[in-house]
Amino acid sequence: MFSAFVAQMIDAGGFRSSEIIKTFGVTKSRIDRAVRLYREEGLGGFFKKRPSNKKGSVLTPKVLEKAQGLIYEGYDNNELAEALNIKKNTLCKAISDGRLQMRKEKEGLNKSERSQQDAKVAKAMGTACTWILERTEASVGMGDGAPTLFQQNLDISNGGVLCALPALITNGLLEKSNTILNTLEGYYNKASHILILIAFMSLCRIRTAEQLRGEKPGELGKLLGLDRVPEVRCFRRKCDELSQNQAAERWALELSQKWMRSAYTLMGTLYIDGHMRVYSGSKTKLPRKFVSRERLCLRGVNDYWVNDSTGQPFFVVEKPIDPGMIRVLKEDIVPRLLNDIPNQPCEQKLKNNPYLHRFILVFDREGYSPGFFKKMWRDHRIACMTYHKFPKDDWPEEEFAEVEVKMPRGEVVKMRLAERGSWVGTGSDALWVKEIRKLTESGHQTSMISTAFTLTSVELAARMFTRWCQENFFRYAMEHFAIDILNEHQVVDFCDTEIVVNPVWRDLTKKRNQVQSKLTRRLAKYSKLTLHPEAEADSKRYKKWITNKSNLLEEINLSEKEVAGLKARLKVTPNKIPWGNLPEEDKFQNLAPERKKLMDTVRMVAYRAETAMASLLVDHNVDTAAARRILQDLFKTEADLRPVLEKQILQVHVHNSARPAVDRKLMDLFTHLNTAELEYPGTRLKMVYELAHPVPTRTSNDIDTSMPIGTSPNP
């Protein structure tokens, strides 16, 4: 370009050759050749390709043929030069002069191009329904349904959630799903697609199926290897098909047994607590229950959760008609734990040591019952632990000693503890227990009792005060995983033998309480009149006092007779009756539980997966709450998908975060994930996670350990 421009200017008389030579320091021969070439061939002469008579002595035709074949197999320049044992410069010259053709790979569609593509097919089969042949075959009952096929795509929304797939699979997301869950038909005929979609929804905080309408179906579909995810009605129908005939219940049982086997070291202590899911719909009138967090009596369903000593959930028992925690423990939870918990002491060990227990159940005051404690120990050798419901006088402060208590997660907490043996209960339910009290800074003594006689007060205190990990699970799972949302849109009848509260008994009790309350107020008013009589000298006020007193006495007599009559009727009226004996106007239906069981199980898998990933990020600069926030941002981060079919890998290039410190933590996390060498379900593509633009690792001199990434008071 320089020679062509200079030759034009000199030929036009703009300046002389000597001026060019002096200004730019070029040789006279170069200027003369340029002017001669311009005058003979014009501008085209400067850009004409020069013929080359040189024949390659290294890259012979045979070597070039072999090199071209290796290029088609996916070799890059470095690998190709090493395989052919030639210099990289020689290879680059052959590529530049056209003797070798590099394979051009399409980078992939960006978000804008995918949006245009999805909109083109919207009028035909629906938004993002780009796999027309497969959908047409599925509509007439042909084909194998939706394949799992990944393509080159850039900037996929929520692409970072693919990083959770190894943890989801490890925690059993697809464990025996093809054999236990029901088979599907139609285009979405693979259970793995639906289960992975539910898990990704949970991790991306898409709380309900209805919220899928606010997400781009094509973007979520690309994460599953599909053209798009199912529409909301189709998604609900697929969930129902998977879970019907108690298939979801059997699958949840299989997963809980797997989790117990993998966490047998934490199975010595189990936390049980109830959680109320409020129902605001109009399809059925569920019984009202008191909701402590709302301080109201509301309609809903009671769920009883069983968690390990770190707060990880194992299973949940749903009770639309709540019989109380003690009955649920006796009939539903304890039989299942006796069958599922691994490494329980054998009968010989229990016989040799009369104080040895199988495991410990920890719950709040709702489960306080000395008779229940005694039965659990006598029949099953199960230890129970709860707060003392009726503690006696405070103990002397001299009995309390400061000790260091190591919690299940490794934290060390200082407490002032004291221990005694105590009798609880009366009559045949009386039981000797260990009573441990904790003295707070305000002077309050928190009392707890336990039948775990082989454990010290320090060990018992650690187990009792770690019960808040289950409360933390409820709070976090309600906010982020929507465990309190009712997913059901159908109702079913209860079994006729289901025991419910008799509405006649409930109305009689309510009326008796009202009349008794009136009677109490009238008795108090009558006593006040009697204690403060009016003087007879004031005849007018005295007559009024006599009249009021006589009227009150008459009302008291009537109220006493009415209370006596109501009590007599209550004695002959059963407080509970079978559901089939309810009057038709009082009958209510149960919300169909199958879909809720499937969703709850997948949410438990998602919570456990997020917890496992958070544990990989925790260090002296990042606490658990900060690690969870990093993961929440990661799951919503965009990513590029690059399948390399020749190497059987699926590259996930996650876009960088706003802070280099977080990027370095993510690079460490990706190192752990890549060691799993997970193949995406339904394919042979190995998942490989990388940052789109890796950041350099900081040295110890560059790191300021006094500035943590994030801290939070919540554990």
Select from segment 550-570 the residues that are surrounded by 12 or more Cβ atoms within 10 Å (Cβ to Cβ) and of a type in the set (Asp, Glu) and write down the one among them that is nearest to Thr509 (Cα to Cα). Glu562
Considering Val26, Val6, which residue is surrounded by 15 or more Cβ atoms within 10 Å (Cβ to Cβ), outside any helix (DSSP H, G or I) and touching a helix residue (DSSP H, G or I) at 6+ places or on another chain (Cβ under 9 Å)? Val26
Residue that is surrounded by the most Cβ atoms within 10 Å (Cβ to Cβ) [pool: residues in segment 216-264 that are under 22 Å from the mean Cα position of the chain (by Cα) and free of Cβ contacts under 8 Å to residues at least 40 places away in the same chain]: Val229
Unique match (being hydrophobic (A, V, I, L, M, F, W, C) and in a helix (DSSP H, G or I)) among Val317, Val306, Val301, Val334: Val334
Residue under question is Asp393, and the condition is that it be of a type in the set (D, E, K, R), over 28 Å from the mean Cα position of the chain (by Cα) and over 23 Å from Ser457 (Cα atoms); does it hold? no
Looking at Lys289, is it in a strand (DSSP E or B) and either assigned by TED's automatic domain parsing to the domain that holds Gly410 or surrounded by fewer than 22 Cβ atoms within 10 Å (Cβ to Cβ) (or both)? yes
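Select, from Ala639, Ala614, Ala626, the only residue that is without any contact (Cβ under 8 Å) to a residue 24 or more places away in the chain, of a type in the set (Gly, Ala, Ser) and surrounded by 15 or more Cβ atoms within 10 Å (Cβ to Cβ).
Going through Ala639, Ala614, Ala626 in turn, just one is without any contact (Cβ under 8 Å) to a residue 24 or more places away in the chain, of a type in the set (Gly, Ala, Ser) and surrounded by 15 or more Cβ atoms within 10 Å (Cβ to Cβ): Ala614.
Looking only at residues that are assigned to a loop (DSSP other than H, G, I, E, B) and in contact with a helix residue (DSSP H, G or I) (Cβ under 9 Å, 6 or more places away or on another chain) in segment 654-676, which one is nearest to Leu631 (Cα to Cα)?
Result: Ser657.
To keep it simple, each residue is scored yes or no on (1) more than 43 Å from the chain's Cα centre (by Cα); (2) part of a loop (DSSP other than H, G, I, E, B); (3) in contact (Cβ under 8 Å) with a residue 12 or more places away in the chain.
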| position | (1), (2), (3) |
| --- | --- |
| Arg475 | no, no, no |
| Glu488 | no, yes, yes |
| Phe494 | no, yes, yes |
| Lys510 | no, no, no |
| Gln514 | yes, no, no |
| Arg521 | yes, no, no |
| Lys525 | yes, no, yes |
Residue check, Thr466 in contact (Cβ under 8 Å) with a residue 40 or more places away in the chain and in contact with a Pro (Cβ under 6 Å, 6 or more places away or on another chain): yes
When you scan segment 388-406, do you find a residue that is surrounded by 11 or more Cβ atoms within 10 Å (Cβ to Cβ), aromatic (Phe, Trp, Tyr) and assigned to a strand (DSSP E or B), even just one? no
I want to confirm something. Restricting to segment 661-681 and keeping residues that are surrounded by fewer than 17 Cβ atoms within 10 Å (Cβ to Cβ) and in contact with a Lys or Arg (Cβ under 8 Å, 6 or more places away or on another chain), which single residue is modelled with the highest pLDDT? Glu679
On the given criteria, is Ser422 in the same structural domain as Tyr387 (by TED's automatic domain parsing) and assigned to a helix (DSSP H, G or I)? no
Can you go through Val306, Val316, Val362, Val334 and tell me which one is over 30 Å from Thr440 (Cβ atoms), of a type in the set (A, V, I, L, M), surrounded by 15 or more Cβ atoms within 10 Å (Cβ to Cβ) and in contact with a Phe, Trp or Tyr (Cβ under 9 Å, 6 or more places away or on another chain)? Val316
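Hey, could you check segment 509-551 for residues that are of a type in the set (A, V, I, L, M) and modelled with pLDDT under 90 and say which is farthest from Leu582 (Cα to Cα)?
Per the stated criteria, the residue is Ala537.
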Which ones in segment 218-252 are among the basic types (Lys, Arg) and either at positive phi or in a helix (DSSP H, G or I) (or both)? Lys222, Arg233, Arg236, Arg237, Lys238, Arg250
Take segment 571-598 and flag every residue that is surrounded by fewer than 16 Cβ atoms within 10 Å (Cβ to Cβ) and in a helix (DSSP H, G or I). Lys571, Val572, Gly580, Asn581, Glu584, Glu585, Asp586
When the residues of segment 152-176 are filtered to those that are of a type outside the set (A, V, I, L, M) and either modelled with pLDDT under 90 or crowded, with 21+ Cβ neighbours inside 10 Å (or both), which remaining residue is nearest to Glu679 (Cα to Cα)? Pro166
Is it the case that Ile449 is surrounded by 13 or more Cβ atoms within 10 Å (Cβ to Cβ) and touching a helix residue (DSSP H, G or I) at 6+ places or on another chain (Cβ under 7 Å)? no
Can you pull out every residue in segment 148-202 that is more than 24 Å from Ile483 (Cα to Cα), β-branched (Val, Ile, Thr) and in a helix (DSSP H, G or I)? Thr179
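The values are calculated or read from the model by the stated rules, or taken from the named source; none is laboratory data. Fair warning: this is a prediction, and the values are worked out from it, not measured in the lab. We place every Cβ from the backbone using ideal geometry, glycine too, and count neighbours over all the protein chains shown.
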